[in-house]
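**Q** Structure below; questions to follow.
The values are calculated or read from the model by the stated rules, or taken from the named source; none is laboratory data. Just so it is clear, the model here is predicted, and its values are computed rather than measured. Positions of Cβ are generated from backbone atoms using ideal geometry, with glycine treated the same way; all protein chains shown enter the neighbour counts.
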Amino acid sequence: MTEIDVLAGLVGAGDVVVLSGAGLSTESGIPDYRGPSGAARRHTPMTYQAFTGDPDARRRYWARSHLGWRLIARAVPNAGHRAVARLQHAGLVGGIITQNVDGLHTAAGSSGVVELHGRLDEVICLDCGNLTSREELDRRLREANPGFAAQVAHVNPDGDVDLPDGAVAGFRTLDCGVCGTGMLKPDVVFFGETVPASRVADCFALVERARALLVLGSSLTVMSGRRFVIRAAKLGIPVAIVNQGPTRGDGHATVRVDRPLGEVLPALADRIGAPAVSGVAGEPAAV
Ligand SMILES: [Zn+2]
């Protein structure tokens, strides 16, 4: 029996909870800074403390993110996201938890996705709590920074890019358009910030009800995702991991598949007989 046979057996039995990470979105052009090709990220990730406490750090974040957003906004779901949606529509998936902030599961036709680290396409005011779309903020930022253009050399999964400090100095950041003075922050969980407790509890509840946990494209480096694998293992729930390269959950895995997700997942959905989901972003046009 091959590893794909074992995987198909687990997923085909249904009640699977998916836990996905950056490796699922690399084939959509969003780099995985922890994966085999990404190595270490080019600069330290912004922490919540630096973002809220240091106006220069905040300006640097928004200037880089303003450029990186174009790439994230253009990204479309890949074959892996579409295969997950097929498995869900076939009634085999009891829940989807993602560490990704790109919204691509939902764009692929999946529903009820728990976005553990939030969504990059939403912006929150830290004073009044108002939520606005990133598209709207992008329009305001472009108006406030006419002609701001720099070479996008490298984009991290959180939409951050490399940009010389000199180019950042003149960038104008914006406050909340509703209360007028509130600090705006992408509605994602920064380093140094904790995931809301209710969201974590929802994820544990999903995992505890699952017949199997399917990890897709995560090296499980951070405890934020790894704790669900540990919980499943503790409860005797089988853990299947599809990821390129080793993960920190390998010791708990019933089966490991170390191959590209865009190849493994459609083959898995075909084999189980999950029909295609039509009319979603990234779907190849019918001929
Ligand atoms: Zn506000």
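**Q** Is there a residue in the stretch 189-197 that is under 16 Å from the mean Cα position of the chain (by Cα), farther than 20 Å from Thr247 by Cβ and modelled with pLDDT of 95 or more?
**A** Taking every residue of the stretch 189-197 in turn, none turns out to be under 16 Å from the mean Cα position of the chain (by Cα), farther than 20 Å from Thr247 by Cβ and modelled with pLDDT of 95 or more.
**Q** Another question about this same structure. With the requirement that a residue be modelled with pLDDT of 75 or more and either within 16 Å of the ligand (Cβ to nearest atom) or touching a strand residue (DSSP E or B) at 6+ places or on another chain (Cβ under 9 Å) (or both), what does the stretch 148-177 give you?
**A** The answer is Thr173, Leu174, Asp175, Cys176, Gly177.
**Q** In addition: Here is a list of conditions, (1) within 17 Å of the chain's Cα centre (by Cα); (2) at pLDDT 95 or above; (3) at negative phi, and Leu268 meets all of them except one; can you say which number that is?
**A** With respect to (1) within 17 Å of the chain's Cα centre (by Cα); (2) at pLDDT 95 or above; (3) at negative phi, Leu268 is out only on (1).
**Q** State whether one or more residues within the stretch 230-247 are more than 16 Å from the ligand (Cβ to nearest atom) and among the basic types (Lys, Arg). Explain how you work it out, then say what you get.
**A** Pass one, the stretch 230-247, residues more than 16 Å from the ligand (Cβ to nearest atom): 230-247.
Filter again for among the basic types (Lys, Arg), leaving 231, 234.
Within the stretch 230-247, one or more residues are more than 16 Å from the ligand (Cβ to nearest atom) and among the basic types (Lys, Arg).
**Q** Same structure, new question: Let me confirm something: among Leu71, Leu87, Leu92, which residue is among the aliphatic types (A, V, I, L, M) and crowded, with 24+ Cβ neighbours inside 10 Å? Step through it out loud before you land on a result.
**A** On the way: Leu71 fails: crowded, with 24+ Cβ neighbours inside 10 Å; Leu92 fails: crowded, with 24+ Cβ neighbours inside 10 Å.
Step by step, each of Leu71, Leu87, Leu92 is checked, and only Leu87 is among the aliphatic types (A, V, I, L, M) and crowded, with 24+ Cβ neighbours inside 10 Å.
**Q** I'd like to verify a number: residues in the stretch 178-195 that are within 16 Å of the ligand (Cβ to nearest atom) and either touching a strand residue (DSSP E or B) at 6+ places or on another chain (Cβ under 8 Å) or among the hydroxyl-bearing types (Ser, Thr, Tyr) (or both), how many? If you could, list the steps in order and put the result at the bottom.
**A** Of the stretch 178-195, the ones within 16 Å of the ligand (Cβ to nearest atom) are 178-187.
Applying the additional criterion that residues be either touching a strand residue (DSSP E or B) at 6+ places or on another chain (Cβ under 8 Å) or among the hydroxyl-bearing types (Ser, Thr, Tyr) (or both) yields 178-179, 181-187.
Here the count works out to 9.
**Q** Which condition number does Gly53 fail, the rest of (1) modelled with pLDDT of 95 or more; (2) closer than 30 Å to Pro164 by Cα; (3) of a type outside the set (D, E, K, R); (4) touching a helix residue (DSSP H, G or I) at 6+ places or on another chain (Cβ under 8 Å) being met?
**A** Going through the list (1) modelled with pLDDT of 95 or more; (2) closer than 30 Å to Pro164 by Cα; (3) of a type outside the set (D, E, K, R); (4) touching a helix residue (DSSP H, G or I) at 6+ places or on another chain (Cβ under 8 Å), Gly53 breaks only (4).
**Q** Consider only pairs whose beta carbons are under 8 Å apart and that are at least six residues apart or on different chains; among these, list those whose first residue lies in the stretch 112-126 and is on the phi > 0 side of the Ramachandran plot and whose second residue is away from the ligand (no atom under 16 Å from the Cβ).
**A** Partner pairs satisfying both residue conditions: Gly112/Gly95; Gly112/Ile96; Gly118/Val101; Gly118/Val188; Gly118/Val189.
**Q** If I go through the stretch 207-232 residue by residue, how many of them are under 23 Å from Leu261 (Cα atoms) and not in a loop (DSSP other than H, G, I, E, B)? So that I can check it myself, show each step before the final result.
**A** Of all residues in the stretch 207-232, those under 23 Å from Leu261 (Cα atoms) come to 207, 210-230, 232.
Then keep just the ones that are not in a loop (DSSP other than H, G, I, E, B); that gives 207, 212-216, 223-230, 232.
Looking only at that region, the number is 15.
**Q** So, in the stretch 74-130, exactly how many residues are part of a strand (DSSP E or B), away from the ligand (no atom under 16 Å from the Cβ) and touching a Gly at 6+ places or on another chain (Cβ under 6 Å)?
**A** Our first condition is that a residue be part of a strand (DSSP E or B); within the stretch 74-130, this holds for 93-98, 113-115, 118-125.
Next cut, away from the ligand (no atom under 16 Å from the Cβ) only: 93-98, 113-115, 118-121.
So of that shortlist, the ones also touching a Gly at 6+ places or on another chain (Cβ under 6 Å) come out as 119-121.
Within the stretch 74-130, residues that are part of a strand (DSSP E or B), away from the ligand (no atom under 16 Å from the Cβ) and touching a Gly at 6+ places or on another chain (Cβ under 6 Å) number 3.
**Q** Does Gly225 satisfy the criteria of being surrounded by 19 or more Cβ atoms within 10 Å (Cβ to Cβ), closer than 17 Å to Val16 by Cα, away from the ligand (no atom under 16 Å from the Cβ) and modelled with pLDDT under 95? Walk me through how you get there before you give the answer.
**A** On the way: surrounded by 19 or more Cβ atoms within 10 Å (Cβ to Cβ): yes; closer than 17 Å to Val16 by Cα: yes; away from the ligand (no atom under 16 Å from the Cβ): yes; modelled with pLDDT under 95: yes.
Taking the combined requirement at face value, the residue satisfies it.
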